[in-house]
2 protein chains.
Amino acid sequence: MAAKIERNLKLETQTEGRQQQSKSDANLSAVRSKSHADGPQKFVLKTPKGTRDYIPKQMAIREHVFEEIIKCFQKHGAESIDTPVFELKETLTGKYGEDSKLIYDLADQGGELLSLRYDLTVPFARYVAMNKIDKIKRYHIAKVYRRDNPAMTKGRFREFYQCDIDIAGQYDAMIPDAECVKIVAEILTNLKLGDFTIKVNHRKILDGMFEVCGVPAEKFRSISSAVDKLDKMKWEDVRSEMIDEKDLDPSVADAIGGYVQHHGGFELLNKMAADEKLGNNKSGKAGIEDMNLLLTYCELFGILDKVSFDMSLARGLDYYTGVIYEAILEPESITKNEVGDACGVGSVAGGGRYDDLVGMFAAKGRKVPCVGVSIGIERIFAILEAKAKASGSKQRTTKTCVLVASGQKNFLEQRMKLVSKLWEDGIQAEILYKKNPKMLSQFQFCEDNEIPFCAIIGESELKEGVVTLRDMKSRQETKVKQEDLAADITSRISKIKLQD
Amino acid sequence: MAAKIERNLKLETQTEGRQQQSKSDANLSAVRSKSHADGPQKFVLKTPKGTRDYIPKQMAIREHVFEEIIKCFQKHGAESIDTPVFELKETLTGKYGEDSKLIYDLADQGGELLSLRYDLTVPFARYVAMNKIDKIKRYHIAKVYRRDNPAMTKGRFREFYQCDIDIAGQYDAMIPDAECVKIVAEILTNLKLGDFTIKVNHRKILDGMFEVCGVPAEKFRSISSAVDKLDKMKWEDVRSEMIDEKDLDPSVADAIGGYVQHHGGFELLNKMAADEKLGNNKSGKAGIEDMNLLLTYCELFGILDKVSFDMSLARGLDYYTGVIYEAILEPESITKNEVGDACGVGSVAGGGRYDDLVGMFAAKGRKVPCVGVSIGIERIFAILEAKAKASGSKQRTTKTCVLVASGQKNFLEQRMKLVSKLWEDGIQAEILYKKNPKMLSQFQFCEDNEIPFCAIIGESELKEGVVTLRDMKSRQETKVKQEDLAADITSRISKIKLQD
């Protein structure tokens, strides 16, 4: 029995986000109760379903990605805010349509009823309303929570990061909307993920289309979420879903099919403007005018080749009112990245305009129009991790420049004094936590951790007031005066960096 | 009625962490139901009890503090990890003694039972066990959750950051323990918070003391948590708590009182080593020997003057097995910081050794000794915020270097092209989101947001292929060739920074 439990434990202790995808919760409690019966309490060693730890190598990638994204957000003049990980339950109620069932609630332990945030957009709208803000351009990088079916190898988790930038305020049409597209294009380019397309559409075009096709108003949202599946499903299947599950008249579905299978640029937009039905529908016309401005501004920003007006793009969330975006990596660039199908194809950014959300919170329904995008960072992590693995390059996870070492006995005191001096001079330095470590194990530590220098002290160095500085790569040793050591290391490190 | 609701809403929309300290949850639902009755749904506009948003000015302080702390952690060779915000409920069970009641549970929505993390230490131990790690020096900066009584003006929240560094592995006695004290001393010094003291004590000294005083073994932890209150309560009150609430014999309490009211350095330690009872108790003796090493190493690290061996320091958490730490700011430095009693006195860091925690998770109880400290960042934020407010200095919350502007009509296209060019050259730049903004409102925007330069284009600039670059402070204007603009701005910005 003990052996079986151990195997079970082992199954669940795999790291790097690959643990327990198929294992059901029932299975887990079976392991748990067996362990209980077996003797001292054993824990099920795992992170909750759909979540993962980040190991240091992953953190290094994550920090690089955040740095690039924040640099871009700041380049566009955004300031940052943060909100609590949970909100009053009612703050989230009625904002996410069919997806509301995926919200994590906290247990009622007395006091307020709380839920984990589902995205950063609703908390942002609450923030804008609560602080009576008229305009703000803010970014927010934080984790959000969805009780979704996880697919962790594809970068789909129940706890995942969103990197959002939103522009709130009353402005001339489509100027901030176009800047959001520009920001996504810059970030995806800078992260060197390969070719990508930013799909754009407009809620008003969708609504106009549903209207002219004869969809009953109360079905707009549910038909919309069916249309949105066209990137993953064939039209025939979407059509069946509309007719069989959502009870739509087949002729209405076919009329929709005549529109949503198109994507393109100005030429498609002009065709729609000239479309007898859609072009003359009030909502459709307003959407087409907006879209025309958006494409014009994207052209001025030099990114029109990255943008595709896609009439099937719908996005599920209830709160969008205007333009909607979704960025996808092109399949060939995923293959080029040697990621294989581990990461799948898919959306790496999304967003849109939501002019009414703040009004749902604000006193007297004060309106603050907003537009924003969210970078879906987890899939980007997955791709960059796979790239790093494929390239086989060693990544450092610490910044240590020098190990203070000695081959002589009873030199702990001198090592401690010297490393302490280096810390005070701002040098990243370590000692082995042993009273009398062997010289060889100290060199080994440098190699294992790719520490470039070793500062060696012994009786003779002490007498001369020097330190023997060993370059771990070239194995060259130089005697450096104790008081010059920090400056000497700093200058050597900067030279290494220049070579990189 | 409408007016009353509005006043209520206003009460709850105050920002900066000062909202709703006294307002009870009952009160809130009253507001809520009134609003419902009144017409369209109104939301209670607040963050959950004990939590707050960070506004951009606060984020600027937070980022500065994190930067300093991470710099120090990395200087000491630490790598970083991250864990999910929630853990399996049973992962947290039995780790926090009396404080377990403060854990936030998630609602049972099917599947695993989950709780929000209470600290970063237990998730770290779970991580070390799960990944079968022998040694790691890691830092982790993340939010933790406690259903405590919040006192938000004093920096005590229900959602708050911890900045932890922990050293796991089998090492020679007290070397990593002393490095933890050194790290705390460096961080508090670098953050310029004024004078501080790092109190140290040892679980084994406490246990030995309780043993020789005649405390029954099953009462060690509860008496320990009473002793820990000596920093906030008089001895008489602690004594009463022991006798009246915890049913301790008065003579035993008095014997404890003979020890715990002392603090000092080597001289106190020597006195305790010579103490007939404690010095001959097995546990007490082992603790005193450790403490002697710790103070010796702290002396070598040059921080002995910051360290106080304090026999009343106990810390509540169940998992400590060896040395324990707590750093406090001296009251006079809080006054000097002009913070007033807004921030109270108190602990800004704490930690200790926990050699058995990983074994509670690991297969076959494999032991991995650990020691670590946690920087209590919220109180530090509160102090630095109050300092910033008192100094009256303006803080920028964006990094924008230049606004691209025009005084002429129909120049949106040119502004968009130019700002896009600057973004591509890596310059932090903005335009107003208006088709035809007035020159004055563009200058005003620069002043409001402390943007140092304004790049102006009009017909004449366009013809000459130049941009008029205005220094917003000196009001000097220079004509710069379009292609040189980015380089010119970069060089001007670097000169401003040098002057800072």
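Readers should treat all values here as calculations from the given coordinates under stated rules, not as data from a laboratory. Worth saying up front: this structure is predicted, and the values here are computed from it rather than measured. Cβ: placed from backbone, ideal geometry, glycine included. Neighbour counts: every protein chain shown.
Size check on chain A: the Cα extents along the three principal axes, sorted descending, read 94, 64, 48 Å. So, how do all the Cα-to-Cα distances of the protein assembly as shown break down into 20 Å bins, in percent, from 0 on up? Whole-percent P(r) values from 0 Å outward: 12, 39, 36, 12, 1, 0.
Listed by chain and number, the lysines whose C-alpha is less than 17 Å from the C-alpha of residue A:204, apart from same-chain residues fewer than 8 away, are A:219, A:271, A:277, A:282, A:285.
Quick one: dipole size for the stretch B:149-289, taken about the Cα centre, charges +1 on Lys/Arg Cβ and -1 on Asp/Glu Cβ, in debye to the nearest 20. Walk me through the numbers on the way to the answer.
Working: 19 positive and 25 negative charges, 55 e Å.
It works out to roughly 260 debye.
Mean partner shielding of peptide B:419-429, defined as the number of other chain Cβ atoms within 10 Å of each residue Cβ, is 4.
Sparse packing (at most 16 other Cβ atoms within 10 Å of the Cβ) combined with a DSSP loop state is found for the following trypsin sites (Lys or Arg not before Pro) in the stretch A:184-229: A:192.
So for the stretch A:56-391: antiparallel DSSP bridges make up what percent, rounded to the nearest 5? Mind dumping the intermediate values first?
Working: 41 of 46 bridges.
Once the DSSP bridges in the stretch A:56-391 are tallied, antiparallel ones form about 90 percent.
The residue list B:168, B:212, B:100 was ranked by how far each Cα lies along the charge dipole of the protein assembly as shown toward its positive end, using unit charges on Cβ atoms, and B:168 comes out on top. Other protein chain C-beta atoms within 10 Å of residue C-beta, averaged over A:433-444: 2. Legend: P(r) of the stretch B:402-498 from all alpha carbon pair distances, 10 Å bins from 0, whole percents, reading 17, 55, 27, 2.
The trypsin sites (Lys or Arg not before Pro) of the stretch A:96-139 meeting both criteria, a DSSP state outside H, G, I, E and B (loop) and at most 15 other C-beta atoms within 10 angstrom of the site's C-beta, are A:132, A:135. Name the shape class, rounded, prolate or oblate, that the alpha-carbon gyration tensor gives for the stretch B:190-293, where a ≥ b ≥ c are the square roots of its eigenvalues, rounded holds for a/c under 1.5, and otherwise prolate holds if a/b is larger than b/c and oblate otherwise. In terms of gyration-tensor shape, oblate.
Ranked for footprinting exposure by Cβ neighbours inside 10 Å, fewest first, A:266, B:210 give A:266, B:210.
Which shape class, rounded, prolate or oblate, goes with the stretch A:123-226 when its Cα gyration tensor gives a ≥ b ≥ c as root eigenvalues, a/c under 1.5 marks rounded, and past that a/b bigger than b/c marks prolate? Verdict is rounded for the stretch A:123-226. Distances from residue B:436 to itself in the other copies, using label points 7 Å out along the Cα-Cβ axis, amount to 8.8 nm in increasing order. With the charge dipole of chain B set up from +1 on Lys and Arg Cβ and -1 on Asp and Glu Cβ about the Cα centre, the Cα lying farthest toward the positive end among the listed residues B:136, B:317, B:64 is that of B:64. Each label was represented as a point 7 Å from its Cα along the Cα-to-Cβ direction; for residue A:276 and residue B:267 these points are 10.3 nm apart. Inter-label distance, residue A:289 to residue A:132: 3.4 nm, where each label sits 7 Å from its Cα along the C-beta direction. Taking a straight line from the alpha carbon of residue A:409, these lysines sit under 20 Å away, with near neighbours fewer than eight places off in the same chain left out: A:417, A:434, A:435, A:438, A:463. Here the relative contact order of chain A, from alpha carbon pairs under 8 Å that lie six or more residues apart, stands at 14 percent.
For the stretch B:45-192, what value does the Rg/Rh ratio take when both radii are computed over Cα atoms and Rh is the Kirkwood radius, given to two decimals? List each step's numbers first, then the result.
Numbers: Rg = 16.9 Å, Rh = 17.2 Å.
Here the Rg-to-Rh quotient is 0.98.
The dipole here belongs to chain A: it is taken about the Cα centre, uses +1 on the Cβ of Lys and Arg and -1 on the Cβ of Asp and Glu, and is about 1960 debye. With the label put 7 angstrom out from Cα along the Cα-to-Cβ vector, residue A:265 ends up 7.5 nm from the copy partners, going from closest to farthest.
Listed by chain and number, the aspartates and glutamates whose C-alpha is less than 14 Å from the C-alpha of residue A:306, apart from same-chain residues fewer than 8 away, are A:179, A:186, A:195, A:326, A:330. Calculated FRET efficiency, residue A:395 to residue B:424, Cβ-Cβ distance, R0 = 35 Å: about 0.75 to the nearest 0.05. Inter-label distance, residue A:484 to residue B:233: 6.1 nm, where each label sits 7 Å from its Cα along the C-beta direction.
Across peptide A:110-122, the mean count of Cβ atoms from other chains lying within 10 Å of each residue's own Cβ comes to 3. Each copy carries residue A:244; placing its label point 7 Å along the C-beta direction from Cα gives inter-copy distances of 7.4 nm, listed from smallest up.
With 10 angstrom as the radius, rank A:459, B:461 by how many other C-beta atoms surround their C-beta, starting from the fewest.
Details: A:459 11, B:461 20.
Taking fewest neighbouring Cβ atoms as first place, the list is A:459, B:461.
Cβ crowding within 10 Å, taken as a proxy for footprinting-reagent exposure, orders A:269, B:88 from fewest neighbours to most as A:269, B:88.
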